[in-house]
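**Student:** Mind having a look at this structure? Questions to follow.
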């Protein structure tokens, strides 16, 4: 049965996965320190392990799960861009230029309509004003029997956790304290009771947490 998955979500030890104010210069909203540790490992890990001659480390192996078996993604509007309100006519096509890494349909949650965007590598962005259940149903149809990835940010992942729609999460705990930002856990106490959690520390200095939904839930 297809699963709904979260992958490679970077998080501080105090639970923040993004900053409060996304701008063109600060795509993680002021929480860019979360990404400073990896020196490219996250980007490399998005690709299959065979795409690089670099050593196969635990970090790279875990990050490489990001694209395996995925047929569609759902993301929040702030992951797609810094704009708010009605879409401006500014030519914005996402943070990733003309070669987005997704290579699948991507559904962007937004209250404002916009025409789909299509890229030569198979990525397409579709803009939905929908609940979590509605968006997942649409994404599952587009995924063609493969899994759906909830791409973030943390507010979007939390929305799907609140709706009890997440089957698997890969969280990456970075050894720093942000003190402020957007927390994944606000308003969902006891969420860990739905999952079996495995933690793996690596020489890269982070702790990978693998959250699998408990059988029978």
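**Student:** With the requirement that a residue be in contact with a helix residue (DSSP H, G or I) (Cβ under 8 Å, 6 or more places away or on another chain) and farther than 23 Å from residue 64 by Cβ, what does region 136-159 give you?
**Tutor:** From region 136-159, those in contact with a helix residue (DSSP H, G or I) (Cβ under 8 Å, 6 or more places away or on another chain) are 136, 148-153, 155-156, 159; that's our starting set.
Within region 136-159, 136, 155, 159 meet the criteria.
**Student:** If you don't mind, there's one more thing I want to ask. When region 101-127 is examined, which residues are found to be more than 16 Å from the chain's Cα centre (by Cα) and on the phi > 0 side of the Ramachandran plot?
**Tutor:** 122
**Student:** Filtering region 192-209 down to residues that are in contact (Cβ under 8 Å) with a residue 60 or more places away in the chain and in contact with a strand residue (DSSP E or B) (Cβ under 6 Å, 6 or more places away or on another chain), which residue is surrounded by the fewest Cβ atoms within 10 Å (Cβ to Cβ)?
**Tutor:** Looking only at region 192-209, we keep the residues that are in contact (Cβ under 8 Å) with a residue 60 or more places away in the chain, and these are 200, 202-206, 208.
Add one more test, that the residue is in contact with a strand residue (DSSP E or B) (Cβ under 6 Å, 6 or more places away or on another chain), and what stays is 200, 206, 208.
On the way: 200: 12, 206: 22, 208: 20.
Result: 200.
Readers should treat all values here as calculations from the given coordinates under stated rules, not as data from a laboratory. Note that the structure is predicted; figures quoted are calculated from it, not measured. Cβ atoms come from the backbone with ideal geometry, glycine included; neighbour counts cover every protein chain shown.
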